[in-house]
Structures are given as structure tokens and as C-alpha cells.
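This report concerns only the one structure given below.
Throughout, read-outs are computed from the coordinates displayed, never taken from laboratory work. Everything numeric in this text was worked out from a predicted model, so none of it was measured. Positions of Cβ are backbone-derived with ideal geometry, glycine not excepted, and every protein chain shown enters the neighbour counts.
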Amino acid sequence: MKNLITKVVTIFTLLLANAFYAQDIITVDNNVNSSANFTSLQLAIDAAQENDFIYLYPSESTYGNCTINKKVHLRGIGHNPEVSNGIPASVGTISYVTSATNPSGGSISGLALNSINLNIGTNINNITIENNKIGNIGSPNNNDNWVVRGNIFSNNISVGPACNNWLIVNNFFDLGPNSALAGLRNDTNVNNNIFVLPSSSTPFNIFS
């Protein structure tokens, strides 16, 4: 157990060192006897400033749903991390919204999460989603220049007709009966993805 804790602390130390340019670094841990800044992800986001990094520790309990309305960077140590016996930092649905602030330029990496949702009428650009295990991404109009890279999907990516310049590369889609990629524009770049399709006589569309 001591070696496991040492490995986790070492990895987080390296991650923190790589984020030296952040305005602040916030840690979140909902395990018992945590010494992190917060036990609640949503409270950590609410307290964060523009461009802060929020690090989530592995936990057998989910951190629940959250809403992001500012530019922050969520980080875990991976969706199946060896150093914590495969226990990730799990999140429910992440909702990107705009208010007095805008989350454009943020990122999510190294988490296990159910879905990422955006409301109709949002204009949230330059988001990077990489190295996560994720259910689906649902993006309506006017969200441009997203990078979706190195993730494992159990469902689809659905984008609106005004979402420009998406990059969808090096992902693994382990799919159900729905289309893998829906609503893509001609300027979306889709490269080097793996699609594992259900064993069924039902026709399947990779692109809707």
C-alpha cells in the first residue's frame, strides 16, 4: 500500500511540474482523510480562476456531474491507471456552458467520464479532450476547433452543422447500435481511429 501511495504521489508531482504556467493548481480528492484542496469537483471549479489546473485523485467513488463555465483544465492520471490498480478518477456528465465567462481553451485529460454536453447556442472553442474513457460528446451549433484525441468511446460524437474544424484522431470506438460520428462538416479531420462494430445484422453507419 505504501508503494502504491508513493507511485500516485510521484505521478501527481510530475503532472504538477508540467503545469508550471497555470495561474493556480487545485487538487480534488473525495477519499476518506483527504488532504486535497477540495473533496467536491464542482466546488473546485467554482473556486478556480481562469486557466487553473484541477487534478483529480483516483477514487472508487465518482466525482459526479459538473458544470464548467470558465477556462480550466481537468486532469487525472489515466482512465485505467496501473499505479492505482486500475481505479480512475470518474466523473458523470460534464456540461460546458457560457455565462459571464467562457470555457474556451480548456481541456480534459486522463479521466473516466460518462459524457460531455453543450447547450444550444453556446460558442465554446479550442477545447482539447484527450486520453479519457468517455461515453459520448454532444455538441450543437457554433463550437469550433475542438481536438478529440486518444480517447476510448462507448458511444458517439454528435456535432451540429455549424461546428467548424474539429480534429478527431487516434480514438477507439467500442460501439453500440448508433452512428459513431454524426453531423460532421467537410472541414472535420477524422484520422487513425479504430471502430469496433456490434455483431449484428443491423446496418451500421460510421458517419451519419
Seminar exercise, completed: Once SER61 and ALA100 are pulled to full extension, the length gained, defined as 0.36 nm per residue separation minus their Cα-Cα distance, is 10.9 nm
For this session: Take every Cα-Cα distance within the stretch 35-185, group them into 10 Å bins from 0 onward, and report for each bin the whole-number percent of pairs it holds.
Result: 12, 43, 35, 10, 0
Exercise. At q = 0.12, 0.21, 0.22 Å⁻¹, what is the log10 ratio I(q)/I(0) for the stretch 124-190, with the Debye formula run over Cα points and no solvent?
Worked result: -0.25, -0.80, -0.89
Exercise. How big is the Rg/Rh ratio for the stretch 90-142, C-alpha atoms only, Rh by Kirkwood, two decimals?
Worked result: 0.95
Exercise. Counting only residues 5 or more places away or on other chains, whose amide H sits under 5 Å from the amide H of THR67 once H atoms are built in the peptide plane?
Worked result: SER95
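Given charges of +1 on the Cβ of Lys and Arg and -1 on the Cβ of Asp and Glu, with all other atoms neutral, how large is the dipole of the stretch 80-208 about its Cα centre, in debye to the nearest 20? Intermediate results must be reported in sequence, preceding the final value.
Details: 3 positive and 5 negative charges, 19 e Å.
Here the stretch 80-208 has a charge dipole of around 100 debye.
Once you keep just the Cα pairs under 8 angstrom separated by 6 or more residues, what percentage relative contact order results for the stretch 83-191? Show your work: numbers first, answer last.
Numbers: 290 pairs, mean separation 20.8, N = 109.
Rounded, it is 19 percent for the stretch 83-191.
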